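Notes for the one structure printed next.
Since every read-out is calculated from the coordinates, none of them should be taken as a lab result. Note that this is a predicted model, so its numbers are computed, not measured. When we count neighbours, we look across all protein chains shown, and the Cβ atoms used for this are built from the backbone with ideal geometry, even at glycine.
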């Protein structure tokens with residue numbers, strides 16, 4: 001084997017090892033749902049995979065079967081160089097993919113209506129309202145009914161539906177809690193809605209799933225689903241400690257920052273979210289080519 005071949009094999013082996021390590025490090029978040037929406041998303045994913053495998057597996061099997069049957073040593077195989085058309089073959093070739101498309105379309109149609117992010121979840125308990133603002137590079141969660149707020153941490157009562165209203169104080173982003181369900185965009189000057197529920201207590205990973213600049217990789221947060229009585233205790237504790245969130249403190253918070261540790265606000269202006277959506281509070285300029293610790297004026301000069 002020449003040097004080029006050895007190098008190619010070495011690179012291939014390294015690629016296989018890295019791929020294996022990467023897959024081993026991944027957590028099966030989407031396939032390990034902890035909420036009703038997440039369970040429905042998992043069902044759609046598995047159903048779609050099964051439908052696609054119904055055509056993929058027979059196709060792969062047919063490739064090997066044809067290769068074996070029409071091998072050079074098989075004298076029973078008929079050679080038909082003049083063959084150009086068969087109604088039966090055409091029917092099979094077109095009917096199977098058509099059925100797959102119809103089934104996948106049906107799954108997508110039904111799922112899109114049942115899992116409409118704006119659709120309230122069925123529950124005997126009233127939903128908890130949470131207003132979400134994506135910033136550079138952190139998440140702000142405002143609890144309008146409790147008049148508190150938190151940065152990079154979301155605490156919710158387990159078993160209680162949560163109604164999210166979402167916007168962006170900077171560039172477009174995507175809010176996603178893999179174990180609870182659907183992701184949704186946050187956009188400056190607009191407000192979107194999402195309804196989720198954590199069926200069991202636990203700590204879940206939340207993240208930004210849309211690239212938004214230098215701090216995107218660290219723009220994640222913990223979601224703590226706790227029993228309702230513990231949530232009430234957390235609200236009382238939060239209301240007794242920390243700074244207040246108003247237009248002035250929001251202006252400081254909206255400045256670009258990296259690796260922001262979670263903290264809370266004991267009081268939050270109930271009109272703040274609407275002011276952000278309507279842009280009465282000016283949106284942040286968004287990421288640019290300068291490092292995040294450089295002053296805006298110096299970035300412009302650069």
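Between residue 46 and residue 240, how many nm apart are label points set 7 Å from Cα along the C-beta direction?
Result for the modelled spin labels: 4.5 nm.
Relative contact order of the chain, please, whole-number percent, based on alpha carbon pairs below 8 angstrom and at least 6 residues apart.
19
What 222 nm value per residue comes from the helices of the chain, counting each DSSP H run with n ≥ 4 as -39,500 (n - 2.57) and dividing by all residues, nearest 500 deg cm²/dmol?
Rounded to the nearest 500, it is -13000 deg cm²/dmol.
What does the C-alpha gyration tensor say about the overall shape of segment 27-114? Classify as rounded when a/c is under 1.5, otherwise prolate if a/b is larger than b/c, or oblate.
oblate
Given springs between every Cα pair under 10 Å in a Gaussian network model of the chain, which of 209, 134, 86 has the largest fluctuation?
86
I want the antiparallel fraction of DSSP beta bridges within segment 128-281, as a percent rounded to 5.
DSSP beta bridges in segment 128-281 are roughly 65 percent antiparallel.
Where is the GNM fluctuation largest for the chain (alpha-carbon springs, 10 angstrom cutoff): 200, 237, 43?
Result: 237 has the largest fluctuation of those listed.
Provide, as a two-decimal number, the C-alpha radius of gyration of segment 232-275 over 2.2 N^0.38 Å, N being how many residues it has.
Here the Cα radius of gyration is 1.26 times the empirical estimate.
Please check: in the Gaussian network model of the chain (C-alpha springs, under 10 Å), which one of 241, 188, 74 has the largest mean-square fluctuation.
Sorting by GNM fluctuation, first place goes to 74.
Can you give me the convex hull volume of the Cα atoms of the chain, divided per residue and expressed in Å³?
Considering the Cα atoms of the chain, their hull volume per residue is 240 Å³.
Quick one: go through segment 151-194 and flag any residue whose amide nitrogen is under 19 Å from the point 7 Å out along the Cα-to-Cβ line of residue 280.
Residues 165-170, 188-192 fall inside that zone.
From the square roots a ≥ b ≥ c of the eigenvalues of the alpha-carbon gyration tensor of segment 161-254, which class results: rounded (a/c under 1.5), prolate (a/b over b/c), or oblate?
Taking the square roots of the gyration eigenvalues as a ≥ b ≥ c, segment 161-254 is oblate.
In nm, what is the difference between 0.36 nm times the number of residues separating residue 255 and residue 222 and their Cα-Cα distance?
Here the answer is 9.7 nm.
For a paramagnetic label modelled at 7 Å from the Cα of residue 229 toward its Cβ, which residues of segment 141-164 fall within the zone defined by backbone nitrogen distances under 15 Å?
Residues passing the 15 Å test: 158.
What is the spin-label model distance, in nm, from residue 122 to residue 74 if the labels are put 7 Å beyond Cα along the C-beta direction?
Placing both labels 7 Å along Cα→Cβ, they lie 5.3 nm apart.
Taking 25 Å as R0, compute the FRET efficiency from the Cβ-Cβ separation of residue 60 and residue 30 and round it to 0.05.
0.45
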